[in-house]
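Here is the structure we will look at.
The numbers here are math on the coordinates, done by the rules we state, and not lab data. Quantities reported herein were computed from a predicted structural model and do not represent experimental measurements. Because the Cβ atoms are built from the backbone with ideal geometry, glycine has one as well, and the counts that use them run over all protein chains shown.
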Amino acid sequence: MTAALMHLAERQRRYPPRLLGSDRARQVLKVLSSELPEQLNGLISNGTIAVGEIGQNTLDVRTIPVRGGGWVIEFTTGMMDFVYAVSRALVGLTVVHSESGPENVAALAMPEVAANVATVFKEWAKRNRWWSRWCRGRITYPDFAVTKSLWQLAENMATTAELFMIAHELGHVAIDSGMYSDVKENNELNADALGMKLFYPAADKNVGPRMTFAGAIFAVRIFSGLERLGARFSDAYPPQQERIKLLNSVMLSRSLSEQYFVELSTLAVAYQDLMDDVELNLGADYQPPDSGRLLGRLIAELMAVARGRARREALIHSFIRMATMYPRDVSLIAARLVQYYISKSGLAGVSPDLRDQMGATLIGVMGELPNDFRESFEIEWPNDLAFPPKKPAASAGTTA
C-alpha cells in the first residue's frame, strides 16, 4: 500500500465516511476519472493520488502532500452535506418544463429561497462557534416538497460542484508534480484554470455544458459565502470576482462564439443572481452585475418568452428596469441582442427555430416599450428591417 493510501486509510479509520461502505468522494472521482488525462489516471490507479471522504462535519476539501511521496485529497462529509443543502434550497425557485408544459410551480418565492439558503450558511456559522463545536451535527436543508425532476436537478448541481472541487484539487497535484507549468502568479487561480480543463469533459458528458458551467460557478460562490461568515479553509482563495472572471475566460475559449458562450451561461447567471441575494442576506454590500451577466439574464428571459414559458410583460418590465438601473450598459446589451437574434451574424448555441422565435419576440417587445425607454436603446437596425412603429405616448404608460 502506498504512503498516500495508508494516510487516507488511517484518516478514514478515525473518521469513517457517513454512509458505511460508501465513499461519496470516490464516487464523484469515478465520474471525473473517465475523462482525465492518462498520466493523472495512472497516478490515481497506482495509489500515488488517494481521494476519499473524511467523516467530519467540518467544511473543507484539501490536498495534502504525504511524507514518502504522493498526495491525499480529503473531502469532508460536512462539505458534501453543505453543498447539497445549498443546492436543495436553491431549487425552490425552479420550474421544470417538458414538452407537455411545466411540471411544477415554484415551491417558494425569490425572497424565501434567498432566506432559506442564507439560513443554511448561518447554520454552519452557528455550529462552528467554539462553544458549540462539541455537539455539532450534520447540516440540514429546508424541508419543502419537490418533484422528482427538481430533486434530480439539486443532485446534479451538487455533484457537478463537487466534481469541480475535486478537479481543482487535482489541478494542484498536476502542477505540484510538474505535469503542467504555472501560468499565473496565484496558485489557486492556476488550480482553477487547470481544474476547469480537467473537469469540463466529464461534467459536459454527464450534465451538458450549461450545468457544467453553472456547477463551477456554484462551487466558487459557496466558498465565497462561507468566507464571508468567517470560514477559513486550508488554502487562501482569491476574491470570487477574480475566480469567476477566470472561469468565464476558460469557458469562452471553449465556445464556438461569444453568442454561444453567453447562451450557455444563462443558468450560471441565474445561480449567480440567486447567490447575490443570499450574500445580501448575509450582510454583503450590493455589487452591481457586469454587462455580461445582464446580457445573459435578458437572453434567458427572452428565451423563456419565445418558448411560451413566460409572459412578454415580464420581459418588457426587465428591459425598463435594466435601462433605469444600468443606463451605461443598455446600448451595448441592446446591440448584442439585435446582432444575435435579428441580424444573426454569429454562431448560436440555440436551434435555428428558437433563434428565429427569439428575434420575432425581441422585435415585438421593442415595439411595445414606452417611447422614452425605447429611445434609450440606440440601435442601428438592419437596412431590410423597419423599426417597429412607435406607440402613441398615451398608451406608453399602460404598457409599463
- Query: Suppose R0 equals 25 Å; then what is the FRET efficiency for residue 123 and residue 19 from their Cβ-Cβ distance, rounded to the nearest 0.05?
  - Reply: 0.75
- Query: To two decimal places, what compactness ratio does segment 13-91 give when its Cα radius of gyration is scaled by 2.2 N^0.38 Å?
  - Reply: 1.18
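Multiply the residue gap between residue 331 and residue 30 by 0.36 nm, knock off their C-alpha separation, and tell me the result in nm, one decimal place.
Details: separation 301, 0.36 × 301 = 108.36 nm, distance 4.65 nm.
103.7 nm is the gain from fully extending residue 331 to residue 30.
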- Label-point gap, in nm, between residue 2 and residue 148 - each point 7 angstrom along Cα→Cβ: 4.1
- Query: Over 22 Å between Cα atoms, which of 197/245; 205/344; 30/205 qualify?
  - Reply: 205/344
- DSSP-loop chymotrypsin sites (Phe, Trp or Tyr not before Pro) across segment 236-308, with at most 15 other Cβ within 10 angstrom: 286
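At 0.36 nm per residue, and after removing the present C-alpha to C-alpha distance, how many nm does the segment from residue 41 to residue 186 gain when stretched out fully?
49.6 nm
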- Task: Arrange the peptides 49-59, 25-35, 159-169 so that the one whose residues have, on average, the most other Cβ atoms within 10 Å appears first.
- Result: 159-169, 49-59, 25-35
- Translational diffusion coefficient, Stokes-Einstein: compute it for segment 280-351 using the Kirkwood radius over C-alpha pairs as Rh, at 37 °C and 0.692 mPa s, and state it as an integer in µm² s⁻¹. 243
- Query: In nanometres, what is the gap between the two model label sites at residue 227 and residue 254, each 7 Å from Cα along Cα-to-Cβ?
  - Reply: 2.2
